[in-house]
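Colleague: Next up is a structure, given as structure tokens.
The values are calculated or read from the model by the stated rules, or taken from the named source; none is laboratory data. Owing to the predicted nature of the structure, the values given are computational and were not obtained by experimental measurement. Backbone-built Cβ (ideal geometry, glycine too); neighbour counts: all protein chains shown. Only protein heavy atoms, including side chains, enter the accessible area calculation; ligands, DNA and RNA are left aside. Shrake-Rupley method; radii C 1.70, N 1.55, O 1.52, S 1.80 Å.
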Amino acid sequence: MRLLPDLRERRRRPELMDQPGLDPAEHRRALDALRRVNLFSVGARAVWPRIRAFHQGRLREDPSRPTRLLDVASGGGDFPVRLARLARREGLDLEIAGCDVSEFAVGHASEHARRSGVDVRFFRADVLADPFPEGYDVVTCSLFLHHLDEPEAVALLAAMRDAARLVLIDDLERGRLGYALAYAGIRILSRSSVAHVDGPLSVEGAFTRDEARELARKAGWPRPEVVPRFPCRFLLSGGGA
């Protein structure tokens, strides 16, 4: 493995999967690689207890409708699809949707949901430029925050705060162990050359827990909570709508 870069300061560089004109076959392989990484890191299970608790509390207020959840920047759709499986397994009435700026990702995610036998609706939306989607109780976001410059991250967190009563952000934490795991792990889990490049770049561009908490404060979150979780990630939670 190459020498570890200096990770004391955040260094965000463009990732291959963010580039327009990416070959569809390479894009599909990269999304499938992320699905395997997310399966290993059990991101959906990490947020599930908070979603379940919120849902049970909301039902006591209004049992007449399902809890509506939106996953932002869904990519290949594995995160909301896993949430839908958990909801079905526990018999919880959740209405789950996902959005992404990429039409290709939306199509890929829709097909993944269909094959998985769950009812998750995916649609195209640019949450950095368009009005933020409305009508949701919970907003989740997995592995997207590190793609953003700080002003973009603050603006997105503010939009999420205004849109939902519960916001859950699952993302990478910048650090030496995380970089080593990203470099080696993605090569074990996938042959995607795009993922091999983007994995370590993602860690270089990731925020620390303290940085993420400060971003949320700048976005107006009243009481942001940041907790570490395996492997080398953090969960930022809050809300306010």
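Colleague: Charges only on Cβ, +1 for Lys and Arg, -1 for Asp and Glu: so what's the dipole of segment 7-78 about the Cα centre, in debye to the nearest 20?
Modeller: Working: 16 positive and 10 negative charges, 78 e Å.
Dipole size: approximately 380 debye.
Colleague: On C-alpha positions alone, give me the angle between the axis of helix 176-189 and the longest principal axis of the chain, in degrees, nearest 10.
Modeller: 90 degrees
Colleague: Note down, for segment 1-114, the three equivalent ellipsoid semi-axes (square root of 5 times each alpha carbon gyration tensor eigenvalue), biggest first, whole angstrom. Walk me through the numbers before you get to the answer.
Modeller: Numbers: eigenvalues 196, 68, 33 Å².
Gyration-tensor ellipsoid for segment 1-114: 31, 19, 13 Å.
Colleague: Oh, and also: Would you work out which of Val194, Thr208, Leu148 lies farthest towards the positive end of the dipole of segment 62-211? Charges go on Cβ: Lys and Arg +1, Asp and Glu -1.
Modeller: Of Val194, Thr208, Leu148, it is Val194.
Colleague: By how many nm would the segment from Gln19 to Arg223 grow when fully extended, if each residue of separation counts as 0.36 nm and the alpha-carbon distance is taken off? Before the final figure, lay out each step's value.
Modeller: Numbers: separation 204, 0.36 × 204 = 73.44 nm, distance 3.51 nm.
Contour length minus Cα-Cα distance gives 69.9 nm.
Colleague: Continuing with this model, one more query. Please give the helix 43-61 orientation as an angle from the longest Cα principal axis of the chain, in degrees from 0 to 90, rounded to the nearest 10.
Modeller: 20 degrees
Colleague: Tell me the carbon and sulfur percent of the accessible area for segment 119-241, rounded to whole percent, probe radius 1.4 Å.
Modeller: Numbers: 2740 of 5240 Å².
Its accessible area is 52 percent carbon and sulfur atoms.
Colleague: Now, a different point. Segment 66-126 to segment 43-57: how many Å between their Cα centroids?
Modeller: Answer, in whole Å: 16.
Colleague: Placing +1 at every Lys and Arg Cβ and -1 at every Asp and Glu Cβ, with all other atoms neutral, what dipole size does segment 86-168 have around its Cα centre, in debye to the nearest 20? If you can, show how the numbers build up before the last one.
Modeller: Values: 8 positive and 15 negative charges, 84 e Å.
Charge dipole of segment 86-168: 400 debye, to the nearest 20.
Colleague: Could you give the dipole magnitude of segment 183-241 about its Cα centre, charging the beta-carbon of Lys and Arg +1 and that of Asp and Glu -1, in debye to the nearest 20?
Modeller: Values: 9 positive and 6 negative charges, 33 e Å.
That gives a dipole near 160 debye.
Colleague: What is the chain's relative contact order, in percent, from Cα pairs under 8 angstrom and six or more apart in sequence?
Modeller: Details: 426 pairs, mean separation 56.4, N = 241.
With pairs under 8 Å counted, the relative contact order is 23 percent.
Colleague: Which of Gly185, Val138, Gly75 sits closest to the plus end of the dipole of the chain, meaning its Cα is farthest towards the positive end, when Lys and Arg get +1 and Asp and Glu get -1 on the C-beta?
Modeller: Gly185
Colleague: Continuing with this model, one more query. How big is Rg to Rh over segment 100-169, alpha-carbon atoms, Rh as the Kirkwood inverse-mean-distance radius?
Modeller: Looking at segment 100-169, the ratio lands at 0.98.
Colleague: Would you mind giving the three semi-axes, in whole Å and largest first, of the ellipsoid equivalent to segment 17-79 according to its Cα gyration tensor?
Modeller: 33, 14, 7
Colleague: So, one more: Nearest-5 percent of antiparallel DSSP beta bridges in the chain?
Modeller: On the way: 11 of 32 bridges.
If we restrict to bridges inside the chain, about 35 percent are antiparallel.
Colleague: Hey, what angle do you get for helix 78-90 against the long axis of the chain, alpha-carbon based, 0 to 90 degrees rounded to 10?
Modeller: Orientation of helix 78-90: about 40 degrees from the principal axis.
Colleague: In nm², what is the average projected area of the convex hull enclosing the Cα atoms of segment 159-224?
Modeller: 5.5 nm²
Colleague: Place the peptides 178-191, 217-230, 137-150 in order of packing, highest mean first, counting for every residue the other Cβ atoms within 10 Å and averaging per peptide. Walk me through the intermediate numbers first.
Modeller: Numbers: 178-191: 17.4, 217-230: 14.6, 137-150: 21.6.
Listed from highest to lowest mean packing, they are 137-150, 178-191, 217-230.
Colleague: How large is the accessible surface per residue of segment 18-97, computed with a 1.4 Å probe and reported in Å² as a whole number?
Modeller: Working: 3820 Å² over 80 residues.
Spelled out: the 1.4 Å probe surface of segment 18-97, per residue, equals 48 Å².
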